[in-house]
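Below is one structure, written out as structure tokens; comments come after it.
The values are calculated or read from the model by the stated rules, or taken from the named source; none is laboratory data. The model shown is predicted, which means the values in this text are computed figures rather than measured ones. Because the Cβ atoms are built from the backbone with ideal geometry, glycine has one as well, and the counts that use them run over all protein chains shown. We work out accessible area using only protein heavy atoms, side chains counted, and drop any ligands, DNA or RNA first. Shrake-Rupley method; radii C 1.70, N 1.55, O 1.52, S 1.80 Å.
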Amino acid sequence: MRGERTLYQRILFAISGLIAFTTVIILTNVWVSTTEHARNQMAHELNTAKNVAARVLQNRANQLRNSALVLTADFGFKQAVATQDAATITSALNNHGQRINADLMALFSSDGRLIAKNTQSQEEDFSAISSHIISAFSQRAASTTVVLNERIYQVIFLTVDAPRPIAVTMIGFELTTPFLEELKSITQLEHAFSLNQDEQQNIINSTLAGIAQNQLVQPSSINWFEVVLLRRAIFAFQSVSLSASDGGASLLMIQDVQSVYAGFWQLQLQITAIAVLCLILALSVALRIAKRITHPIRQLVKQSQLVANGKYDNAMPLNSGATEVTQLTNAFNQMQSNVQKRETEIRFQAERDRLTGLLNRSALDTHLNNRINEGKEFSVFAIKINRFRNINDVFGYQAGDQYLQHVAKRLATLTDCLVSRIGGGEYIVIPDSAKALSTATLITLIKQPLILNQVEIVPSLSVAKISVPEQADNTEAVLRRLDITLDNCNANQLDYLHYRADFEDHYLYRLNVISELKQALANDTQQFSLLYQPKLSTRSGTCEAAEALLRWNNPKLGFIGPDIFIPLAEQSGLIHQLTFWVVQQVLVDQQTLIANDIHINIAINLSAQDLLNRDVVDRLINLVDKAQLGPQRISFELTESDLISDADLAIENMTMLRDAGFSLAIDDFGTGYSSLAYLRNMPVNTLKIDKSFVLKLDERLTDQKIVQTIIQLAHSFDLQVVAEGVETWQSQEALQDWGCEYIQGYYISRPIKCDDLALWLKQQKDQYDFSS
Ligand code: C2E
Ligand code: CA
Ligand code: CA
């Protein structure tokens, strides 16, 4: 802000101002008083000189008088005056005048008329002093100073008595420079005479050469400013009026002011120098004080600017001296560390995933971006917990969280790696260098069994890897391509894949599939067809049921398996339309079979999305109801892992279906995480053991044990068991031995067209006659 002073300036101005003010006051005082003193001294000296001059004049007057007395007492002279003998008088005046070296010797009559004068006297006209003469006659003697012809004389008048006064003699000495020099020698002061000429006072004689009237001043009116600063040559004077009446002559006592002041000037100079020194000293002290006070404050300002910019590294040093400043510094440091702590906390919270403490998605984006900008090559791993949602659903969210934390903890042990959780069960690991982490190490680490809810499970995880920037050069592409790679792992049931460009093609292919599927459902359902795969009863050896399996032959994409397009239909919201098409087709085919006197139950695969939608379930019941076939001809297969995302709603809708008379089977049993105990609450009557346990049943002992156990447990819950994927005679035998109610698989029949099913049913009646 303009006009605003810093604290430093304020303190400096305040202290130095105060000191300067004090100094000026003292200096002025010293100057004024020394000036006053000088003036007084001058006045005093002039006064003394005045007295001296008066005394000297008096002494001279006395001498004159004595010498005049000698003359007037001389009998011859008296006689000559009485007889008016002019020649004798003049001679006497001459002689006497010579003897005493007088400048004026004259004799006057009682009326002031000149009677005689000596020859040395230059003056001719004494009219100017006639009044003096007349008054002297009456007083018989007088001593005075007169001005004649602009010359000053000290004169003595004395009457010539015979015995009465008959005349007046005058003896005079001119007062000139020698007289002044005499005074000067006594008083050490300059002297001068001044005369009033033409209405103004002029100096006529002086011991000081070249002095002018205007240089003279009364001591009382000496201006110290003129003397000290302007250094004008001026002179103090005291005057004694010698003859006020005639000519206005004065004797002047003169003192050179500068010379008087010179002594004081020295003193004043010294004092001034000391004052200036003090001022400088005080200023430097003020500077130091101001610095000492403001330095820590300025430091604090700097520090707070640093803090404002997020730099908390340095604390302020505490050695500032003043208690208040130390307290302020202390408080500031405290505040700084609190702010830092809080910011660290906030940053931690902003960057971290609450559950696992790993970096979150936005922090990952930032780091990944920075790494990419560095321009060096590096790898990024994505790790995904397979079917994580199911874990949450089956074991509960707490166990799900624990699972995530377990995996996070393991990943966190990786050194020189950046680890982040970006969502559900998905993690990203970025090694600092290629050496920091190998794929094998990563897979071994995460595949270790872990304990969840006191149950040991082997984590099912997929790992994807991508090389940056070779395979993706921006954050978005890196994460998207890793996602595609993970999808690919899933689709191919692989633990690990390094990204390849053709995965992207696969991704595009799936987009294509979705768009073709949409078109086919809207315009051309001819592309769809149903195959039926029989289920054989191990007890009766007859076929009492078959499963409807959807086929799709697209003119552009060719034949596409349900394993590919069903999940895509689910993802794109097309699954309900597909399900309705299947149900309607099954109802049509059932009419055909019935017409052929074939009475079997046909199982329809329902997607979880169908089951979890109340409207879809209502519509399904309605459709079958309208066909008037009776619910015992239709059953539904539900994949257990999909159901548990909303188990309550699933159970509610399953109950509706069962109450409507449909039987329900749990499909693909054994692949998910659910347990039989969990299924007890579900209104199902059949379990379908997943084909992965059955396909290699004759070779694998573990599969045999699993299948046997499932069958036993299912029976203990009053559930019937279907085994799918029966490809060999041995498998069929075993399942039959273990009490599995139904078998289904290529050994019995591949999925076949409805027309072929009718044929097949007729033939197999003879081939598999278990009753015999
Ligand atoms: P799924 O319900 O488990 O069907 C059994 C699958 O196993 C069928 O494959 C079938 O052809 C195959 N299979 C049967 N016996 C054997 C055998 O002995 N050996 C081998 N290796 N495979 C055997 P498909 O037809 O490709 O169907 C795959 C999956 O697509 C089905 O699995 C089901 O989940 C889904 N799907 C098929 N049709 C539909 C449908 O109409 N609606 C719904 N929602 N899903 C369907
Ligand atoms: Ca099925
Ligand atoms: Ca199945």
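Rolling a 1.4 Å probe over the protein heavy atoms gives the chain an accessible area of 51 Å² per residue. Extension gain, Gln730-Ile594: 0.36 nm per intervening residue step, less the Cα-Cα distance, totals 45.6 nm. Looking at the chain only, what percent of DSSP beta bridges run antiparallel? Nearest 5 please. Here the antiparallel bridges make up roughly 75 percent for the chain. For the range 495-634, the antiparallel share of DSSP beta bridges with both residues in that region comes to about 70%.
In the chain, the longest principal axis of the Cα atoms and the axis of helix 501-523 are about 60 degrees apart.
Pop out the Kirkwood hydrodynamic radius of the range 99-166 from its pairwise C-alpha distances, inverse of mean 1/r, in Å to one decimal.
12.4 Å
In summary, the lysines within cross-link reach of Lys50, defined as a Cα separation below 16 angstrom excluding same-chain residues under 8 places away, comprise Lys184. Among the protein heavy atoms of the chain, carbon and sulfur supply 51% of the accessible surface, probe 1.4 Å, non-protein parts ignored. Annotation: peptides 177-188, 148-159, 556-567, ranked by per-residue average of other Cβ atoms within 10 Å with the highest first, follow the order 148-159, 177-188, 556-567. Restricting attention to the range 379-471, lysine pairs at least eight places apart or on different chains and with alpha-carbon atoms under 16 angstrom apart total 5.
Using the Cβ-Cβ distance between Glu345 and Arg298 with R0 set to 35 Å, the FRET efficiency from 1/(1 + (r/R0)^6) comes to roughly 0.70.
Taking amide hydrogens as placed 1.01 Å from N in the peptide plane, the amide H of Gly425 sits under 5 Å from those of Ile385, each at least 5 positions away in sequence or on another chain.
Averaging 1/r over every pair of different alpha carbons in the chain and inverting the result gives a Kirkwood radius of 40.3 Å. Checking the a/c ratio against 1.5 first, then a/b against b/c, what shape does the Cα gyration tensor give for the range 208-357? Here the range 208-357 falls in the prolate category.
Under a 5 Å amide H cut-off, with hydrogens placed 1.01 Å from N, Leu452 pairs with Ile457 among residues at least 5 apart or on other chains.
Here Lys556 is the anchor, and the lysines within straight C-alpha reach of less than 26 Å, apart from those fewer than 8 places off in the same chain, are Lys518, Lys753.
Computed from the Cα positions only, the extents of the range 552-690 along the three principal axes stand at 42, 38, 28 Å, in decreasing order. Taking each DSSP H run with n ≥ 4 as -39500 (n - 2.57) and averaging over every residue of the chain yields -17000 deg cm²/dmol at 222 nm. Under 5 Å between amide hydrogens, built in the peptide plane, is the criterion, and for His191 it picks out Thr207, Leu208, Ile254 among residues at least 5 positions away or on other chains.
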